[in-house]
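Shown next, in structure tokens, is the structure this report addresses.
The values are calculated or read from the model by the stated rules, or taken from the named source; none is laboratory data. All figures in this text were calculated on a predicted structure; none of them were measured in a lab. Reconstructed Cβ throughout: ideal geometry from the backbone, glycine too, with neighbour counts over all protein chains shown. Calculation scope for accessible area: heavy atoms of the full protein, side chains included, ligands and nucleic acids excluded. Shrake-Rupley method; radii C 1.70, N 1.55, O 1.52, S 1.80 Å.
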Amino acid sequence: MDTLFKNTVNLRRKRNADLWRTNSLINLSRLSGSSESSIFESGSDTSRKSKRSNRRWNTIVTIVLVEAKSLPSIADDGHSHNMYCKFRLGSETFKSKSVPSCQNPEWRERFQLHLYDDYVLSICLWDKGKMKNSMGSCILDLSPYEKERTHEIWRKLDDGYGAIHISVTMCAIRDAEISLKGLDTRECNEKHDMRLLSNDWNVVGMLHVNVIGAKGFTNRPNAYCTLEIDNERVETHRVGASTEPRWNKCYVFKVYDVTSTLDLKVYDSSLANALLPESIGKVSIPLLRITNDATRWYALKDRSKRNNAKGNCPRILLRMRMVWNPIKATMRLFQSKEMKYIKKPAKFDVFLIYSNMKFVSDLLSLAADLNEHYKRLFEWEDEKFSFFVLLGWLISCFYIRLWIVPLLFLAPFISYWIFKRRDYTNTHGDGYDDVLESVYIKEDKTFTGKLQDLQKMTLTITNGIEFIVSHIERLYNLVTFKVPFLSYVTMILLIAASAVLFVIPFNYLLMGLGIYKFTRKYLNPARVPNNDLLDFLSRVPDNEMLKDWKELGVPEPNQDQQSSKLVKSISTSI
């Protein structure tokens, strides 16, 4: 009788443990409304039924619903129409948010489903107006797709016509299904040999990341990591509660742009932090700063990416290797930059407005001072200076040739290269003055309308000023070799342009440039309209990006050992 009672108690405990396992709170944490990633998780009743079943899942399928193209036209019946998409994987379903119905709708929404034995993903598109109408459906078999990789999929709809664009990533997150043995160096080098790169000119390289472990956390989190490059995103498995979690997991990313950044975030999936959407540490690593086959610690930063995260210098140990084609990478620099599907919503920031306006004010003051000196130059207040300036101008105009012009733009690079100065430091103060709140607003609007107009106008002005400030900083960082690869590419292009201008007459080049500009649309009908120079300059980081990339100091292992010995000696002495 006692044995039967014990077996009954153990069975109840086991059922409770299955119902309240830590991984079952993943969807609950995503539903807390994280604005940073805009993740919406499924919470249907069918998922509860699957949890009660004896089947166990070991893989999370992350789906990003991006957009749909060439859908049937919507009937104009005088009613408003909204479109949503419904997904079903096994016994779990997810319904996307509703967007205004059109032939090319966009959702840009991320959600997660659990993968059991059924690999068939069904997709249904619905238009909801006065009546609910089907806009098409399709079936996608996930079994052929490789796990731990992000796959961009365009799928034609079976009913009606059109296509839907989704991004699918399958990641194993259970310890029992994961081998802790990482790839060895030889296998990694063979897998990332430059000769094995894809012939696709959009893929410029491959990145191998080995997430080894982390330490320095104050509590004992059930930690897991997310790794993201542009629109490729994977996540590691959950480890047990530990101050020094170990993953030893390898991931491979396709590199479409060498100026991209690897964003790594560490989360806590424990019960106490299940409802918190914020990460416990993050770090941004530019791909061009990666040292191949080097195992090193990266300090984890807080939410602002300016200071250390909470803990005893929390850090993560990574080993990375990137193989890329410089020719493909250079060609990619002058194409449109890949836009992220999930982006942070725009926020109203008064301090950013003030700092940008102060920068513009200082720039205008500098321009006014230069204008005054320029006017005084013609007044011959300093006769010797004015004479030499006039002589230099006459000689330059007499001997100037067009092939010299690119060399003049090359002069700042060479001057900084030869005469290197101290590294650039941001001299902006930490404090901010009060902002004047007296703004002219029309009297015929309500107070709420006035606030909305004020916010819209301020955001418009801020975006314009931020665009100018950002590009000025990018030009300065390009000249000062903040990203050496881009600076070297610019120098090579300037030298090549100088050689071309030396050989070919300038008027013929202008004619060829005009023919190229007017015939480019016919040569490539699918081309995205862009500005080549602005697209190239967008790869250069501005000062805010450099602050995010700034690496925090990590104490040496010897220092850690000495500190631990010191603590032990103090404890023993006490």
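What's the total number of residues in the stretch 384-408 that are among the aliphatic types (A, V, I, L, M) and closer than 27 Å to Val500 by Cβ?
The initial filter retains those residues of the stretch 384-408 that are among the aliphatic types (A, V, I, L, M), namely 389-391, 394-395, 400, 402, 404-405, 407-408.
So of that shortlist, the ones also closer than 27 Å to Val500 by Cβ come out as 395, 400, 402, 404-405, 407-408.
The number of residues fulfilling the criteria is 7.
Listed by first and then second residue, the pairs with beta-carbon distance under 8 Å, at least 6 apart or on different chains, first residue in the stretch 298-325 and free of Cβ contacts under 8 Å to residues at least 60 places away in the same chain and of a type in the set (A, V, I, L, M), second open to solvent by 10 Å² or more (accessible area, probe 1.4 Å) and outside any strand (DSSP E or B), are Ala309/Ile280; Ala309/Asp302.
Let's see how each residue does on (1) in contact with a strand residue (DSSP E or B) (Cβ under 6 Å, 6 or more places away or on another chain); (2) within 17 Å of Leu207 (Cβ to Cβ); (3) part of a loop (DSSP other than H, G, I, E, B); (4) open to solvent by 70 Å² or more (accessible area, probe 1.4 Å):
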{"site": "Leu288", "(1), (2), (3), (4)": "no, yes, no, no"}
{"site": "Thr291", "(1), (2), (3), (4)": "no, yes, yes, yes"}
{"site": "Gly311", "(1), (2), (3), (4)": "no, no, yes, no"}
{"site": "Ala329", "(1), (2), (3), (4)": "no, yes, no, no"}
{"site": "Ser336", "(1), (2), (3), (4)": "no, no, yes, no"}
{"site": "Lys347", "(1), (2), (3), (4)": "no, no, yes, yes"}
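Here Lys521 meets each of (1) in a helix (DSSP H, G or I); (2) open to solvent by less than 30 Å² (accessible area, probe 1.4 Å) with one exception, condition (2).
From the list Phe378, Phe351, Phe385, the one residue that fits, being open to solvent by 100 Å² or more (accessible area, probe 1.4 Å), touching a helix residue (DSSP H, G or I) at 6+ places or on another chain (Cβ under 8 Å) and modelled with pLDDT under 80, is Phe378. Tell me which residues, restricted to the stretch 349-378, are among the hydrophobic types (A, V, I, L, M, F, W, C) and not in a helix (DSSP H, G or I). Matches in the stretch 349-378: Phe378 only. Among the residues here, Tyr341 does not qualify as modelled with pLDDT under 75 and either closer than 30 Å to Val489 by Cα or not hydrophobic (A, V, I, L, M, F, W, C) (or both). The set of residues from the stretch 484-503 being open to solvent by 70 Å² or more (accessible area, probe 1.4 Å) and either among the hydrophobic types (A, V, I, L, M, F, W, C) or outside any helix (DSSP H, G or I) (or both) comprises Ile492, Leu493, Ile495, Phe502, Val503.
When the stretch 448-483 is limited to residues that are among the small types (Gly, Ala, Ser) and either closer than 16 Å to Asn356 by Cβ or surrounded by 15 or more Cβ atoms within 10 Å (Cβ to Cβ) (or both), the one that is modelled with the highest pLDDT turns out to be Ser470.
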